[in-house]
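Remarks on the structure that follows.
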Amino acid sequence: MNKIRFTLNHQSIELETNPSRRLLDVLRNDYQLTGPKEGCGEGECGGCGVLLDGHIVNSCCLPVGSVHGREVITIEAFSKTEQFNVLTEAFSYEGAVQCGICTPGMIIASQSLLAKNPQPNEMEIRIGLSGNLCRCTGYNMIVKAVQRAAKRGEGLW
Amino acid sequence: MKDISTSIPKVDGLEKASGAAKYVSDIHFEGMLYAKTVRSPISHGKITKIHYPKLPSGYTIIDAKDIPGKNYVHMIFEDWKIFAEETVEYIGEPIALIVGEDKTVIEEIAMAIDMEFEELPAVFDDQLSVIDYHYVKGDPHQAFKTATQVIEKSYDTGYQEQAYIEPQGFVGYLENDTKVTVIGSIQCPYYVKNALKVALDCDDHDVRVIQAAVGGAFGGKEEFPSLIACQLAIAIKKVKKPVKLVYEREEDMLVTTKRHPSKTTMKAAINQAGEITAIQAHIGIDGGAYIGLSGVVLSRALINISGAYAIPALDVSGDVYKTHTVPNGAFRGFGAPQAIFAMEMFMHHVAKTLNKDPYSYRMNYLAKQGDLTSTSGTFRDPILMTEMIDKVKQASEYDRKVECYTKETSFKGIGMSYFLHGCGFTGSGESDHIKAKVKLRKDAQDQVHILIAAVDMGQGAKTTMMKLVSHTLKIPLNQVTFAAPDTDFVTDSGPTVASRTMMIVGGLLNEAALELKATWQAKQEQVVIKDYQQPDYIEWDQETFTGDAYPAYSWGVNIVEVSVHPITYQVNIEGIWSVYDVGKAIDERIVLGQADGGIAQGVAYGYLEVMQHQSGHLKQKNMTDYIIPTAVDMAPSENYLIDNPYALGPYGAKGVGELSLVGGAPAVAMAIEMAINREVRSIPMTPEKIMELMNDE
Ligand code: FES
Ligand code: FES
């Protein structure tokens, strides 16, 4: 079996495993990284979102073999960043967290969006978050949180 | 001191945002096994043979024969089986659990099970009534006899799936060979505990239920989790190891309870002056294979039939029909969304039939303080609907838009719904069945612990309860602790349902806090317990449905604006405005969050969310087939709260959670009706249904 080498939360990883295993299972079961959540297992909810080379991907749809040579950041490592602090302050201020099951994915999606587009307008935010389902909030508070983060974190992205 | 409504950051926000909060699937125990459910492939039949393959070592099958106690999920009726025994009643009914270490091996065992059935006729329509209720207000008979005109219409609503983002599940373990502990995604720790006691036939101290972080519930985790917990606990007793049972999305969608599809017929007696003198209504709901909570859902639907209006005379009846489909159950609103949809549309359609302006016509019938409720109780508290309607009408430029959109088939529309929600259990439910008890404990370091069974499933109960107690005791928030309920420590304050948590449980907690404050002794351990007492004024006759069905009502107005694509008939939500009277918000931002999320579910119920079955097979089984709104589907909403403190609620608070859902569907349906200039009597109003209406001409 070939080894899969990638960077996971800033650490170099060498993994001998079936390359078709879902990245989500590898993260949750092999590395106890339970921040990414399984809401649907089929790429619809975004709850399992992680950053792959800085962009959000649904780890439930990604065979671990395909991250070979790339960088994976989960919410566990992202939560140590200044960007995370700005985003969570905004999520808290706007009331964007209810049950919280979608929140790590929403934060990762927001980071992915702001990294590409630091000053998104409302529609761009809605589109940027449209791969992430939230059943609790109705989204408005999340959209406002991203707007607030973009403003308060100016220069960070 | 700040007004209690002033928002504070949610106490569990960071824990959830950083991914640190532990939901069931994040909890792991050493040596833990996994479980999978074996299910019925047919809608109705006799089980003639079940042959299990020879099991590899470490793998176990658990079925009805392993149940130490009774084979039903303790709820109201003794009908809902833990594992099917002689017959199966719906596709997906659980027959057995396979437990073991490796999920792939479990799958192989599942495939190798040989089951045979003798199929029986399956029923999917309204021929088997298992519960029927009837009540009367005033003299509807006389009104219909003297009516100059009778207007009759029928309405129907479809399934709605809770679609919480975290599927259902439990993990559990055995202690000292006897005590089973289950940790679950639940709304009602004591419902689960009581069900376990019956299933395991064991003592109170031999079962323990702990709430994990709950990733959304919306009623879906009210009664259904008791079923999984019973199965899992039986398995744990047999294998004597920790076991985890978490549903995947598809299983969750196919086998868990949903909102009851309904059919309602409404008949109005109209007098010479064009006034409604009586309404006769019948609501039929599809209960699915087992009754579960369907009777209670039906009663809330029936009581809600006159919505926010005071109609002089009513003749109301309803049935729960048994069908060979997955049992339906609790979903935010609990029967009210179906009834409010029918009533709002009917009032609108009556006005139109009489060539009157629907909006002022409906306004005339709005209940006022002192009026009789549908069940001949009294609306005792002030009702501020006129003021509330003005507020959202102005914010949405309602009048201008109505004028503009009704001119021709503009494919634009705006709709407005009026509604109320009775807070807490119906009738004497709180005092006869629930008997809430709350406990506050102050330890020797003066830290105050909230010991209640109320669950934070996202609605913010953890934050608002802590805030309430700290506010009343005038101590900092961090001097108050509220851990997730664990039945070994918390009293039974009742289930987290029926918009009762703040009004009833919070009310008791506030009393406890006041007593603690009055008797406070620094550095001394103190305990205060409070029991629910029904307000003296409540009189309720469950047999005849007469009296005060609820101690208090929350009120709301929703306005929804849509555009409909003239070719594809795709509905686009252009704007949402809402206003609520929840008495007093214990935390404004949290209540507004409930408003925003509730209305999204309510509006989507009206136009977007489709679930159907074909001969008992659900056609939508995952998030790709069952569409819930994304951020792009929802329009920005403007939500307002007005204060109208309720004397018996803590700081004046009434119920919040369900209210915000019930008005969404009629508002969006009326908007679509205006946009396409056709009568809308069915939800969800999908493009296919719009096309049918457009072609009907
Ligand atoms: S779990 Fe991966 S997208 Fe839903
Ligand atoms: S906060 Fe519950 S799903 Fe988004």
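What follows is calculated from the coordinates using simple rules that are stated; it is not laboratory data. None of the values given here were measured: they were computed from a predicted structure. Glycine gets a Cβ as well: all are built from the backbone with ideal geometry, and neighbour counts include every protein chain shown.
When you look at the Cβ of every residue in B:620-631, what mean number of other chain Cβ atoms sits within 10 Å? Write out the running numbers ahead of the final one.
Numbers: counts 0, 0, 4, 8, 4, 1, 1, 1, 5, 6, 11, 21.
Per-residue shielding by partner chains comes out at 5.
Only sites in a loop by DSSP and with at most 13 other Cβ atoms within 10 Å count here; which GluC sites (Glu not before Pro) in the stretch B:54-114 make the cut? Display every interim value, and only then the final one.
On the way: sites: B:Glu78, B:Glu85, B:Glu86, B:Glu89, B:Glu101, B:Glu107, B:Glu108; in loops: B:Glu78, B:Glu85, B:Glu86, B:Glu89, B:Glu101.
Passing both the DSSP loop test and the Cβ count: B:Glu78, B:Glu86.
Could you please rank B:Phe77, B:Phe425, placing first whichever residue has the fewest other Cβ atoms within 10 Å of its Cβ?
Numbers: B:Phe77 16, B:Phe425 25.
The order, fewest Cβ neighbours first, is B:Phe77, B:Phe425.
What's the angle, to the nearest 10 degrees (0 to 90), between helix A:82-94's Cα axis and the longest principal axis of chain A?
On a 0 to 90 degree scale, this one is about 50.
May I ask you to list, by number, the DSSP H helices of chain B whose Cα span along the axis is at least 15 Å and whose average Kyte-Doolittle hydropathy reaches 1.0 or more? It would help to have the intermediate numbers written out before the result.
On the way: long enough: B:189-200 (16 Å, 0.34); B:224-239 (23 Å, 1.39); B:336-353 (25 Å, 0.42); B:385-396 (16 Å, -0.46); B:461-473 (18 Å, 0.27); B:507-519 (18 Å, 0.39); B:588-607 (29 Å, 0.17); B:664-676 (18 Å, 1.58).
Membrane-span-like by this criterion, though nothing is claimed about a membrane: B:224-239, B:664-676.
Taking loop as defined by DSSP and a crowding limit of 13 other beta carbons within 10 Å, which trypsin sites (Lys or Arg not before Pro) in the stretch B:329-370 fit? List each step's numbers first, then the result.
Details: sites: B:Arg332, B:Lys352, B:Lys356, B:Arg362, B:Lys368; in loops: B:Arg332, B:Lys356, B:Lys368.
The qualifying sites are B:Lys368.
Just need log10 I(q)/I(0) for the protein assembly as shown at q = 0.08 Å⁻¹, Debye formula, equal scatterers on the alpha-carbon atoms, no solvent, rounded to two decimals.
Each listed q maps to, in turn, -0.70.
Mind pulling up the Rg/Rh value for the stretch A:2-77? Radius of gyration and Kirkwood radius, both on Cα.
On the way: Rg = 11.0 Å, Rh = 12.0 Å.
Using Cα coordinates only, the ratio equals 0.92.
Across 5 Å bins from the origin, how do the percents of Cα pairs in the stretch B:627-697 run, short distances first?
Taking all Cα pairs of the stretch B:627-697, the binned fractions are 3, 11, 16, 18, 15, 11, 9, 8, 4, 3, 1 percent.
Distance from the Cα centre of the stretch A:45-104 to that of the stretch B:326-402, in angstrom?
43
Compute the Cα gyration tensor for chain B, then decide on rounded, prolate or oblate, letting a ≥ b ≥ c be the square roots of its eigenvalues: rounded whenever a/c is under 1.5, prolate when a/b is larger than b/c in the other cases, and oblate in all that remain. List each step's numbers first, then the result.
Numbers: a/c = 1.73, a/b = 1.24, b/c = 1.40.
Taking the square roots of the gyration eigenvalues as a ≥ b ≥ c, chain B is oblate.
Averaged across A:84-93, how many Cβ atoms of other chains sit within 10 Å of each residue's Cβ atom? Could you put the intermediate results ahead of the total?
Details: counts 3, 1, 0, 1, 6, 4, 0, 6, 7, 4.
Mean partner shielding for this stretch: 3.
Along each principal axis of its Cα atoms, how long is the stretch B:429-531 end to end? Whole angstroms, biggest number first, please.
Here the spans come out as 38, 27, 24 Å, largest first.
Dividing the convex hull volume of the alpha carbon atoms of chain A by its residue count, what do you get in Å³ per residue? Walk me through the numbers before you get to the answer.
Values: hull volume 15.2 nm³, N = 157.
Value for chain A: 97 Å³ per residue.
Report, for the stretch B:133-220, the % of DSSP beta bridges that are antiparallel, rounded to 5.
On the way: 6 of 11 bridges.
About 55 percent, rounded to the nearest 5.
Neighbour counts of other C-beta atoms within 10 Å: give me B:Asp548, B:Asp456, B:Asp177 arranged from fewest to most.
B:Asp177, B:Asp548, B:Asp456
Nearest 10 degrees, 0 to 90: what angle lies between the long axis of helix A:103-116 and the longest principal axis of chain A (Cα atoms)?
For helix A:103-116, the angle is close to 80 degrees.
Once a ≥ b ≥ c are taken as the square roots of the eigenvalues of the Cα gyration tensor of the stretch A:81-152, is the result rounded (a/c under 1.5), prolate (a/b larger than b/c) or oblate (a/b not larger than b/c)?
rounded
Round to a whole angstrom and tell me the spacing of the C-alpha centers of the stretch B:50-107 and the stretch B:562-623.
36
Within 10 Å of each Cβ of A:124-132, how many other protein chain Cβ atoms are there on average? Intermediate results must be reported in sequence, preceding the final value.
Values: counts 0, 2, 7, 3, 2, 3, 5, 2, 3.
That works out to 3 on average.
Counting Lys +1, Arg +1, Asp -1, Glu -1, what net charge surrounds B:Pro327 among other residues with beta carbon under 13 Å of its beta carbon? Numbers along the way, then the final one.
Values: positive: B:Lys81, B:Lys258, B:Arg259, B:Lys322; negative: B:Asp79, B:Glu89, B:Glu93, B:Glu222, B:Glu223, B:Asp286.
Its environment carries a net charge of -2.
Which percentage, to the nearest 5, of the DSSP beta bridges contained in the stretch B:429-531 is antiparallel?
Values: 10 of 12 bridges.
For the stretch B:429-531, the DSSP antiparallel bridge percentage is about 85.
Kindly provide the helix-only [θ] at 222 nm of chain B, computed as the sum of -39,500 (n - 2.57) over DSSP H runs of four or more divided by all residues, to the nearest 500 deg cm²/dmol? All intermediate terms of the calculation are to be shown ahead of the outcome.
Working: 17 runs with 185 residues, N = 697.
So the helix-based figure for chain B works out to -8000 deg cm²/dmol.
Quick one: which of B:559-568, B:277-286, A:7-16 comes out on top by average Cβ neighbours within 10 Å, and what's the full order, highest first?
Numbers: B:559-568: 20.3, B:277-286: 24.5, A:7-16: 13.7.
Result, highest mean Cβ count within 10 Å first: B:277-286, B:559-568, A:7-16.
Can you tell me the dipole magnitude for the stretch A:81-152 around its Cα centre, using point charges on the Cβ only (Lys, Arg +1; Asp, Glu -1), in Debye to the nearest 20?
Details: 7 positive and 5 negative charges, 18 e Å.
Once rounded to the nearest 20, the dipole reads 80 debye.
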